[in-house]
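Right, one structure below, let's go through it.
The values are calculated or read from the model by the stated rules, or taken from the named source; none is laboratory data. Treat the numbers as computed from the prediction; the structure is a model and nothing was measured. Cβ sites come from the backbone with ideal geometry, for glycine too, and all protein chains shown count toward neighbours. Remember, those area values only see protein heavy atoms, side chains included, never the ligands or the DNA or RNA. Shrake-Rupley method; radii C 1.70, N 1.55, O 1.52, S 1.80 Å.
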Amino acid sequence: MSYIKFQLNKVFKNNLLFITGSLLLVISLVVLALNNSTSKSMSLENQAKGNLIMQNNAITQMKDSLKHYKKGGEAYTLTTKSISDTKKQRKDSKKLLQAFKQQDWQTVYHYQLKAANLAKNIQVKNNHASNSEKSALIKNVKFFEYLNQHPLPYEETPPVTGIQFLLDLNQLYLPYLFILVVTFILTQLYTSKYRNRKDISSLFPISSSKKYIFDNLIGVITSSGLFYSINILVFIIAALFFKVGSVDYPFYLYKSLTGQTLNAYVPTSRVVIPIIVLQILVGLFIINFIQLISSIVRDKFPSLFITLILLIGLSLSSTVIEPLQKVATWLPTTYFNVINVISGEISVQYHNTHITFVSGLITLIIGLMVTYGLGLLINKIKV
């Protein structure tokens, strides 16, 4: 136990932990503030207000243009019909704005679904529209179909409520930022016991295997403590300012958890446990990988460089290098963005149907066993 206390003291007395932790927290809160600013300007209610203004202007302009057309003529008839159609749309916009004021979400989603279907039907018939544009409109229809069936309070995009913001943060920002921070902290910790590549911790009356296990445990405590502290603090702050959000809010699945095509919205609660399980395995793999490289290299800066190249470099290069995408199923680095794996987005992006939650479990467990076993073996040999 004295060895664990000694190593933990090194972690907590090192300013790097608190500086990087504070930096991650500040970045997360800046993202929250930016999301709030953007969501206000792009809110559904503001869009509805904008539509109403455009409809009023369009009606005024079309009425003015009628004066220049011959009554009964084709242009006059078409313009009259357009005025009638726009007035109907204006009526819907007024009802929608009234529903927003009353927070009558059932009515809001009824009109949003109606508008989404209209936009989809127009673009589907448009030969110049790209497949990605059509897919986005179909996805939007499914989103409002879900909310029409489950009339939850609307959460603006980008999200700011506790639950949805955490998902957004862990999908877009934290995966690689956190790996970067943890690599710096743990590389410094694991290489601090070496002087000229000699293990000075051998002076402790403890076996090399136990030291390796204890160091691994300290890595788990440090990384999980930092990760969950940031997530909990960010969640509390977001919840205090913008409410908690709902675990029943829609989450889009391109693929089911086992890899079958789904393309549907499901309650967020359905994916929370798979996300947590995969995040834990990813965290354990990263810790063991850093420890393994540190045990082999036994020098801080080379260990840091090699670890970052192999972890972050390989993960990012998989997004653009096609041969890597074909074998991505068996690369632990594929699963670093846990939320995109669970949603099936990475599977679609890589054109690899084998990338699933189940394949992630298998690959990460194998990777974890290999890195841990090799680390123990190398640590024994090099003592």
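Points to keep in mind about this one:
- Pair list, Cβ under 7 Å, 6 or more apart: the stretch 232-247 residue in contact (Cβ under 8 Å) with a residue 24 or more places away in the chain, other residue in a helix (DSSP H, G or I) and surrounded by fewer than 14 Cβ atoms within 10 Å (Cβ to Cβ): VAL247/SER269
- Count of residues meeting criterion [open to solvent by less than 30 Å² (accessible area, probe 1.4 Å) and not aliphatic (A, V, I, L, M)] in the stretch 318-331: 3
- Residues that are modelled with pLDDT under 90 and either crowded, with 17+ Cβ neighbours inside 10 Å or on the phi > 0 side of the Ramachandran plot (or both) number at least 3 in none of the helices (runs of 4 or more DSSP H) confined to the stretch 77-172.
- Helices (runs of 4 or more DSSP H) wholly inside the stretch 328-383 that include at least 1 residues being within 20 Å of LYS139 (Cβ to Cβ): 338-343, 345-350
- Residue in the stretch 272-286 that is surrounded by fewer than 19 Cβ atoms within 10 Å (Cβ to Cβ) and in a loop (DSSP other than H, G, I, E, B) present: no
- Filter result for the condition that a residue is at pLDDT below 90, among the hydroxyl-bearing types (Ser, Thr, Tyr) and under 30 Å from GLN112 (Cα atoms), over SER41, SER2, SER37: SER41
- Any chance ASN263 is within 30 Å of LEU23 (Cβ to Cβ) and outside any loop (DSSP other than H, G, I, E, B): no
- Residue within the stretch 317-325 that is part of a helix (DSSP H, G or I) and closer than 16 Å to TYR176 by Cα present: yes
- Across the stretch 346-380, the qualifying residues are those that are within 10 Å of SER295 (Cβ to Cβ) and among the hydrophobic types (A, V, I, L, M, F, W, C), and the one among them that is most open to solvent (accessible area, probe 1.4 Å) is LEU377.
- Scan of the stretch 217-233 for residues that are among the polar types (S, T, N, Q), in contact with a Gly (Cβ under 8 Å, 6 or more places away or on another chain) and open to solvent by less than 20 Å² (accessible area, probe 1.4 Å), ordered by number: SER223
- Among the residues examined, LEU314 qualifies as open to solvent by 10 Å² or more (accessible area, probe 1.4 Å), in a helix (DSSP H, G or I) and under 18 Å from PHE178 (Cβ atoms).
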